[in-house]
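J.: Here it is: the structure, laid out below.
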Amino acid sequence: MIANNTLKNLSFTKTVVVLSTFFTLVACGGNGGGGPALPDDPMTEKTDSSSSNLPDGPQITDPVPTTPVSEREQILQNYQHLDPKNIVPTAPLENALVYFHKNKSSLKNSKYLTLLDFSKSSKQKRLFVINMSNGSVWALHVSHGKGSDADHDGMAEKFSNLSGSNASSLGYYITDNTYYGSNGYSLRLDGKSSTNSRARARAIVIHGASYVQDTNIKQGRSWGCPAISMDNHKKLIDTLKGGSLIYAFK
């Protein structure tokens, strides 16, 4: 009788261990394994064959590293009303504001300033459109390039300015004109930093994509373009088109 009870207890213990292990693995698969992900864009990076016939846009340089601290502080005083909820990381925002302020005369669309935070997972909203008048922030999900996230864990780790890299590029961009291409309604970007100077030739543009959704899920990867959801792409493009500043950072 004692032996039978012992066997039953051992069997029960094994069952509990097995079930506990199973549920632990399920939990790990959903979180530590990165969770579900949307499918990628099935294509590979292309080049813009018409780029040689398109204007480069205003030529501006990055003044942030050479701006004296006192001048920087004076500039930032003009923008204390922005981002009242502190959604955007402070240091990158301040750098972008100095750049914006010193190049404002060259920005045909100075109503908005956009920051793209590649230090965040694609599961998170990380594209921030700041209304320079009332200070409000519109946050959106956005893709990064396949070449920036080789293991598809949702984190962009590598950046490139090279054609065929399928990677995202960091730096300052100026938006240009809209057009209808293979991805539908799209917005051309001119890279203004040494890290993204080939954006026009690489056809790095803002466009809508089915592999980006407005939910906290790992987004699909693009060819290097900052693609957004089909629900928001038209509104975003119409907001930023015609000479607005975008700063992509890590």
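J.: Restricting attention to region 146-170, report how many residues are more than 11 Å from F118 (Cα to Cα) and among the small types (G, A, S).
T.: The number of residues fulfilling the criteria is 7.
J.: Same structure again: So, A156, is that one touching a His at 6+ places or on another chain (Cβ under 7 Å) and within 16 Å of S169 (Cα to Cα) or not? Can you show your working first?
T.: Working: touching a His at 6+ places or on another chain (Cβ under 7 Å): yes; within 16 Å of S169 (Cα to Cα): yes.
Judged against the criteria, A156 is a match.
J.: Would you call N86 modelled with pLDDT of 95 or more, on the phi > 0 side of the Ramachandran plot, within 19 Å of the chain's Cα centre (by Cα) and crowded, with 20+ Cβ neighbours inside 10 Å? Before the answer, list the steps.
T.: On the way: modelled with pLDDT of 95 or more: yes; on the phi > 0 side of the Ramachandran plot: yes; within 19 Å of the chain's Cα centre (by Cα): yes; crowded, with 20+ Cβ neighbours inside 10 Å: no.
Taking the combined requirement at face value, the residue does not satisfy it.
J.: Of all residues in region 161-181 being assigned to a loop (DSSP other than H, G, I, E, B) and free of Cβ contacts under 8 Å to residues at least 60 places away in the same chain, which is nearest to S110 (Cα to Cα)? Break it down stepwise before answering.
T.: Within region 161-181, the first condition is being assigned to a loop (DSSP other than H, G, I, E, B), and the residues that meet it are 161-170.
Still in the list and also free of Cβ contacts under 8 Å to residues at least 60 places away in the same chain: 161-162, 167.
Numbers: N161: 26, L162: 29, A167: 28 Å.
It comes out as N161.
J.: What's the number of the condition I206 fails, among (1) more than 16 Å from the chain's Cα centre (by Cα); (2) among the hydrophobic types (A, V, I, L, M, F, W, C); (3) outside any loop (DSSP other than H, G, I, E, B)?
T.: (1)
J.: Which of the residues that make up region 212-230 are surrounded by 19 or more Cβ atoms within 10 Å (Cβ to Cβ), in a loop (DSSP other than H, G, I, E, B) and either in contact with a Pro (Cβ under 9 Å, 6 or more places away or on another chain) or of a type outside the set (A, V, I, L, M, F, W, C) (or both)?
T.: Passing the criteria: Q219, G220, R221, G224, P226.
J.: Is one or more of the residues making up region 146-156 part of a loop (DSSP other than H, G, I, E, B) and touching a helix residue (DSSP H, G or I) at 6+ places or on another chain (Cβ under 6 Å)?
T.: Looking for residues that are part of a loop (DSSP other than H, G, I, E, B) and touching a helix residue (DSSP H, G or I) at 6+ places or on another chain (Cβ under 6 Å), one finds at least one in region 146-156, hence yes.
J.: Further question on the same structure: For A139, all conditions in the list (1) within 16 Å of Y247 (Cα to Cα); (2) assigned to a loop (DSSP other than H, G, I, E, B); (3) of a type outside the set (S, T, Y) hold save one; what is the number of the exception?
T.: (2)
J.: Please work out which one of (1) in a loop (DSSP other than H, G, I, E, B); (2) closer than 24 Å to T239 by Cα is the condition V98 fails and give its number.
T.: Unmet condition: (1).
The values are calculated or read from the model by the stated rules, or taken from the named source; none is laboratory data. If you're wondering where the values come from, they're calculated on a predicted model, not measured in any experiment. Every residue, glycine among them, receives a Cβ derived from its backbone with ideal geometry; neighbour counts consider all protein chains shown.
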